[in-house]
Amino acid sequence: MKFDTPATTNPIDQLKVVGKPVDRIDGPMKTTGRAPYAYERHDAIPDIAYGYVVGASIAKGRIASMDLSRAKAAPGVLAIVTAAEAGKLTKGDFNTAMLLGGPEIQHYHQAVAVVVAQTFEQARAAANLVKVEYVRSKGSFDLASAKDGATKPKDGGPDSAVGDFDAAFAAAPVTLDETYTTPDHGHAMMEPHASIAAWKGDKLSLWTSNQMIAWGAGDVAKTLGIPRENVRLMSPFIGGGFGGKLFVRAEAILAALGAKAAGRPVKVALTRPLMFNNTTHRPATIQRIRIGTDRDGRITAIGHESWSGDLPGGGPETAVQQTRLLYAGANRMTRTRLAVLDLPEGNAMRAPGEAPGLMALEVAVDEMAEKLGMDPIDFRILNDTQVDPEKPSRPFSQRRLNECLRTGADKFGWSRRSRTPGQTRDGRWLVGMGVAAAFRNNLVMKSAARVRLETSGVVTVETDMTDIGTGSYTIIAQTAAEMMGVPLTRVNVRLGDSSFPVSAGSGGQWGANSSTAGVYAACMKLREAVAGKLGLDPATAEFADGRVRVGNQSLPLEKAAAQGPVTAEDFMEYGDLTKTHQQSTFGGHFVEVGVDADTAEIRIRRMLAVCAAGRILNPKSARSQVIGAMVMGAGAALMEELVVDKRIGFFANHDLAGYEVPVHADIPHQEVIFLDETDPMSSPMKAKGVGELGICGVGAAVANAVYNATGVRVREYPVTLDKLLEGMPVLA
Amino acid sequence: MAILDDLQLSRREVMATGAAIGVATVPAAADAASGQPSIMKVSFTVNGQRQTLELDTRTTLLDALREHLKLTGSKKGCDHGQCGACTVIVDGRRINSCLSLAVMHEGDEVTTIEGLGSPEKLHPLQAAFVRHDGYQCGYCTPGQICSAKAVLDEIKAGVPSHVTADLTAKIQFSEDELRERMSGNICRCGAYSNIVAAVAEVAEGKA
Ligand code: FES
Ligand code: FES
């Protein structure tokens, strides 16, 4: 099916199942520990040996020699694979560095060996006996000093310009020119990267934890140099990804190589301390923002430049993206520059681009409003645009940012905020409120599914879509139930297997809308097939209450499968509605903080997000996506920072004690409001994504609240108490 | 942490209860290099069932459960006491099972997430987690639930926490008490707000 004209009325609009806040269908399995994750597939395959990964202890250079003799002689060891034994490996399309290093080392903790043994304890002990001598070469590890040598990336439209930014900025009566920095961030999903590999002849089965099954199968095949059809990936449960599991990582390849060498199935999990330097991270940014307005606060010039670094061949953090679309203004410019850094590979993490970009832009907007003596919400509303400001002939499909901000202000009690910072006290706490706009584009991806009406009347859906905690199982079941007119309990959903039709996968908050649109397409086909079997007119057939009805003729659905299951497969692909219309999701984040007047300790007291993101397929799981993203944004605002050791070239705080993420005590009760909305330009589901919208802007809202509480403006994230202490108000 | 208190505990108790003092340890490679691993027999009860295992003495309680007994509900998020995903209940108290060697648990009674309930018969906490969507990816969830179960018992037993205002009064359940006590259970999906709602519902007897 091709979606190239705006959606009209379709069976989803009945909203008997879709749009309801139903409990997740995988909930009972997850809450009782019965959902099997990648490392746990005792059910799938017996006699699994254990692999343990050895990571490089230099950031850049070469392996001079490796002594495996003691490790090989250690009890229980079955095989050791290094680059020297692995045969030819090719870098995957989605990787920047090789997943098995040697002799060249490209980053710290790049895998250099996997030791396979009978037991985990033996593999770990033997891995500690692998002796590697390195020759270290000089690397570049500091973004600030590499910044001046940064170059224009080849693709991705690194520069944009409309009007004459320089002249307009020079002429503007009110201006802001500030630089903000965001540090490197780790995904730190709770389930480490894990895979079990088993070979049958030259066919490889891989139980793994991966967000994008088709990309993964392709890259496993490419890396190992085997035909794609010889690789099967299975990833039905994923313990969090946030972009960190978009791509094949070392443990999958090393499990495959280890299993081949040992002649036995092998499982490998990255240890927590290896994860931060071995895998990918969100790159640090330096961002310069310039805004010029007239005296009434109308933006006349807006410019956003961003610098980030990555390994040779890598990409930039596209932190300026939202600035091209979020506010009006006739004269505009953005610039993205990329430095070469020899740190671990930078790559996508939840809302790549917008998450760090809005952490800067939405603080700049707050600062600008203050310069103008305006309320920051009024300033944003004044500079709203209903069209793409670079191309005014291109409207937004839906844009209700103003309504998000107004609704939020009302619900949050924004009117109680003191416009002068440092004025509100509650006991020992200085209290402040902050606001920021949330913005993230709505991406649509081709997505396929297979649906089958079983003889029992149960509808089975199969697609390689993944559920990384997002609720895919449930919304896919809701979609199939709505389309086929059956209750949720009569739908079976099977996900995350490369033998199923290729879906959109989980990334870029496109998963919910795109994968359910694929299921919609397959169900449309199944409805036709079912009606055909029942001798009913497919065009007028209604599917409801487990029956198929035309006029006053009504037959039970399962009758169509009396002779055997009826199967249909289809995909949804997209025309150019995304080109004629700018499709984005919007929100307003509101945060209240308390800052200890003596110690400058920061505590978040209240959080609210108001989102406008098309039809919400399941308000319960969508709300969870938003609160979870708000938590991650709070972490980015207040604590998360991978600290670079600039001499050696690695992230020094590479575990969960050093890389602090929010815990229970850091997060208050959170509120989320979804504006009632449908977006017929996005798909027949009329839905858009929310999983990334929730993190977009929240960090800035926290930082703005801290400013409102204390009068101290921190432009270097994270906002920690040491950066506040000097400027704290003198106590009365 | 009161050091004197710890000295008064037996070593085994310190190891069994002292998750907070544990740091990552790389097991000594020497014994692996010098010969075969030392194997010991250990018996304990898991979810009411007596289990006898012959284990490499380096095997953690977590790996004994996950790899040997194939009870994979207890999760391994860090393997060194920093995340809480491996939380199980031993003799009524929650521990990070990754920080505890299996052979230290001779005769102990271990309860894992599988022992609290099943998909067909959910424990009230499990049902509340489902109702309140107190999870997303589900990987921290068994640890959160086991931890929550033990937290409610701790409050009932009068064990104070950092946020307990009055040490002489009977400790009341509150969301602040819960957040403080559950802070060793990290949820990177950020389900905290819903987890608190779920546990509070059970604690306040509304479930
Ligand atoms: S696995 Fe035990 S605390 Fe993380
Ligand atoms: S549900 Fe994913 S880490 Fe808590």
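Some observations on this one:
- Once the gyration tensor of the Cα atoms in the protein assembly as shown is diagonalised, the equivalent ellipsoid follows with semi-axes of 40, 36, 31 Å, ordered largest first.
- Bridges between two residues of the protein assembly as shown, per DSSP, are antiparallel at a rate of about 75%.
- Rounded Å value of the spacing that divides the Cα centres of the range A:186-242 and the range B:127-153: 28 Å
- Cβ-derived FRET efficiency at R0 56 Å, B:Lys121 paired with A:Glu390, nearest 0.05: 0.45
- Note on the range B:85-108 and the range B:183-204: Cα centroid distance 22 Å, given to the nearest whole angstrom.
- When each of A:Lys131/A:Lys222; B:Lys41/B:Lys75; A:Lys30/B:Lys149 is checked by Cα-Cα distance, pairs over 20 Å: A:Lys131/A:Lys222; B:Lys41/B:Lys75
- FRET efficiency estimate (nearest 0.05) - Cβ-Cβ, B:Val163 to A:Ala170, R0 51 angstrom: 0.40
- 18 Å Cα-Cα reach of A:Lys525 towards lysines, excluding residues that sit fewer than 8 places from it in its own chain: A:Lys2, A:Lys446, A:Lys533, A:Lys559
- Inter-probe distance in nm under a simple model that places probes 7 Å from Cα toward Cβ, at A:Asp537 and A:Lys2: 2.8 nm
- Virtual paramagnetic centre 7 Å along Cα→Cβ of A:Arg62, amide N under 15 Å, in the range A:132-151: A:133-138
- Distance in nm between pseudo-label sites at A:Glu85 and A:Ala73 (7 Å out along the Cβ direction from Cα): 1.6 nm
- Volume of the convex hull of the range B:124-203 (Cα atoms only), normalised per residue: 75 Å³.
- Take the Cβ atoms of A:Val458 and A:His42, set R0 to 25 Å, and the FRET efficiency comes out at 0.35.
- MRE, 222 nm, helices only [DSSP H, n ≥ 4, -39500 (n - 2.57), over chain A, to nearest 500]: -7500 deg cm²/dmol
- Amide H contacts under 5 Å for A:Thr300, placed H, 5+ residues apart: A:Gly292, A:Thr293, A:Asp294
- In range of the label at A:Leu731: residues from the range A:565-603 whose backbone nitrogen is under 18 Å from the point 7 Å along Cα→Cβ: A:594-603
- B:Ser38 paired with A:Ala144, simple spin-label distance in nm, labels 7 Å along Cα-to-beta-carbon: 5.1 nm
- Relative contact order (percent, whole number), the range B:124-203, Cα cutoff 8 Å, 6+ residue spacing: 51 percent
No lab work stands behind these numbers, since they all come straight from the coordinates. Since this is a predicted model, take the numbers as computed values, not measurements. Cβ: placed from backbone, ideal geometry, glycine included. Neighbour counts: every protein chain shown.
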